[in-house]
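The values are calculated or read from the model by the stated rules, or taken from the named source; none is laboratory data. Quantities reported herein were computed from a predicted structural model and do not represent experimental measurements. No Cβ is skipped: glycine too gets one built from the backbone with ideal geometry, and neighbour counts run over all protein chains shown. Surface areas here come from the heavy atoms of the whole protein model, side chains and all, with no ligands, DNA or RNA. Shrake-Rupley method; radii C 1.70, N 1.55, O 1.52, S 1.80 Å.
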Amino acid sequence: MLYFRFPFSEKINTTDENSDKNPVSFFSFDQSEIINFEGDIEEITIEDFAKQEVSTDLLSSNLMEFWEKKQTEYEEKLVEVIDFIKKNDLSKLVISRRKLVNYKDSKINLSETFLNLCEAYPNAFVYLFIKDGKCWIGAFSEVLGKFNKKTSQFETMSLAGTIPVNEDWTSKEIEEQQPVTDFIHDVLKEFSEKIEQSETCDHISGNIKHLRTDFKAQIKAEDLEKIISELHPTPAVCGIPTDFCKNAIRQFEMHSRNLYAGYIRVETEDYIQYFVNLRCAEFFRNAALIYVGGGITADSSVEKEWNETELKAEAILKNIAFK
């Protein structure tokens, strides 16, 4: 079962499961897991979707024996991370955590939660799926790639740095986003002689904003998957250099990211689109795990980084609907 909505769309999409196409695929952060949904993509109205109820009875068993990092523990871990960054002269390393939502005495309304996210984040790719007992919900607006099959134009964006919408940018956020921009440009120039790069602007996502730089490039269709494999994971979800930072993530994070910070591939008649899977949560019958993270630099404040992850968690948390 899969439902999703494209950014700025008033339609909800699902797959009819009557063909052997794989139009939608979810890739985990380390690409060790791929969840495919078969069938042709069909559109339904928001009104029709609202009439049905997605049952939590399809979810896997209860979440058992989960240990959540508290603020002091997370900040202590970040002190180690910052020291590691300085010793290895890294520009950025992305560290994640999971926030527990325990609702054992209540029941989640998954359908309404999905609709709440659609309303709260009109510029986001929003999804809800249940498959083999696994349930994930997400809403985020970062495009890893968008390929026009007719014109061979490829679009992507550099999105990094996070502050509340009413605050001003500091050098920390600017220095956090710049390596992402440089990384994407360096990847694209290996595949295209014509690259357009926009000015950096604000990208609003609910109660927070990011720094965003857009790219357009003419590429060959046969290079598309190679470009995506080069772009993922970007410094916005990993760090630079990529392989070194992936190893560091395994060292500092004591949990699997699963689908968090992976990407979603959606193919339609005219486009192949890839969305970064960030503001997301994994649901169980009695609880949910909200995955959040932040780009840590040598100048990071551990308290501010904790607050940033709490702000990001609100994207899902404040839109969860209970029966």
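If you check Ser111 against the conditions, is it open to solvent by less than 20 Å² (accessible area, probe 1.4 Å), in contact with a Lys or Arg (Cβ under 6 Å, 6 or more places away or on another chain) and either within 16 Å of Gly138 (Cβ to Cβ) or in a helix (DSSP H, G or I) (or both)? Write out each step before concluding.
Numbers: open to solvent by less than 20 Å² (accessible area, probe 1.4 Å): yes; in contact with a Lys or Arg (Cβ under 6 Å, 6 or more places away or on another chain): no; either within 16 Å of Gly138 (Cβ to Cβ) or in a helix (DSSP H, G or I) (or both): yes.
No; evaluated as a whole, the condition is false for this residue.
State yes or no: is Glu142 open to solvent by less than 10 Å² (accessible area, probe 1.4 Å) and of a type in the set (Asp, Glu)? Please lay out each step first, then the result.
Working: open to solvent by less than 10 Å² (accessible area, probe 1.4 Å): yes; of a type in the set (Asp, Glu): yes.
Judged against the criteria, Glu142 is a match.
Looking at Leu259, Leu311, Leu278, which one is assigned to a loop (DSSP other than H, G, I, E, B), open to solvent by 10 Å² or more (accessible area, probe 1.4 Å) and within 30 Å of Asp105 (Cβ to Cβ)? Steps first, please.
Details: Leu259 fails: open to solvent by 10 Å² or more (accessible area, probe 1.4 Å); Leu311 fails: assigned to a loop (DSSP other than H, G, I, E, B).
Step by step, each of Leu259, Leu311, Leu278 is checked, and only Leu278 is assigned to a loop (DSSP other than H, G, I, E, B), open to solvent by 10 Å² or more (accessible area, probe 1.4 Å) and within 30 Å of Asp105 (Cβ to Cβ).
Could you check how many residues of the range 215-250 are in contact (Cβ under 8 Å) with a residue 40 or more places away in the chain, open to solvent by less than 50 Å² (accessible area, probe 1.4 Å) and either within 21 Å of Ser91 (Cα to Cα) or not in a strand (DSSP E or B) (or both)? Spell out how you get there, then give the answer.
Of the residues in the range 215-250, the ones in contact (Cβ under 8 Å) with a residue 40 or more places away in the chain are 215-221, 224, 227-228, 230-240, 244-246, 248-249.
Going one step further and asking which of them are open to solvent by less than 50 Å² (accessible area, probe 1.4 Å), we end up with 215, 217, 219, 224, 227-228, 231-239, 245, 248-249.
Narrowing the set further to residues that are either within 21 Å of Ser91 (Cα to Cα) or not in a strand (DSSP E or B) (or both) leaves 219, 224, 227-228, 231-239, 245, 248-249.
Final tally of qualifying residues: 16.
Condition test on Val292, is it modelled with pLDDT of 95 or more, open to solvent by less than 40 Å² (accessible area, probe 1.4 Å), among the aliphatic types (A, V, I, L, M) and farther than 30 Å from Glu196 by Cβ?
Numbers: modelled with pLDDT of 95 or more: yes; open to solvent by less than 40 Å² (accessible area, probe 1.4 Å): yes; among the aliphatic types (A, V, I, L, M): yes; farther than 30 Å from Glu196 by Cβ: yes.
Spelling it out, Val292 is indeed modelled with pLDDT of 95 or more, open to solvent by less than 40 Å² (accessible area, probe 1.4 Å), among the aliphatic types (A, V, I, L, M) and farther than 30 Å from Glu196 by Cβ.
Please find, within the range 180-214, the residue that is surrounded by the fewest Cβ atoms within 10 Å (Cβ to Cβ) out of those that are in contact with a Phe, Trp or Tyr (Cβ under 8 Å, 6 or more places away or on another chain) and part of a strand (DSSP E or B).
That would be Glu196.
So that you can scan it fast, the table gives a plain yes or no per residue for (1) among the polar types (S, T, N, Q); (2) closer than 28 Å to Glu253 by Cα; (3) in contact with a Gly (Cβ under 7 Å, 6 or more places away or on another chain):
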position	(1), (2), (3)
Lys104	no, yes, no
Lys107	no, no, no
Asn116	yes, no, no
Tyr121	no, no, yes
Tyr127	no, yes, yes
Ile130	no, yes, no
Lys134	no, yes, no
Asn148	yes, no, no
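If I ask for residues that are surrounded by fewer than 11 Cβ atoms within 10 Å (Cβ to Cβ) and part of a helix (DSSP H, G or I), which ones from the range 49-78 would you list?
Asp57, Thr72
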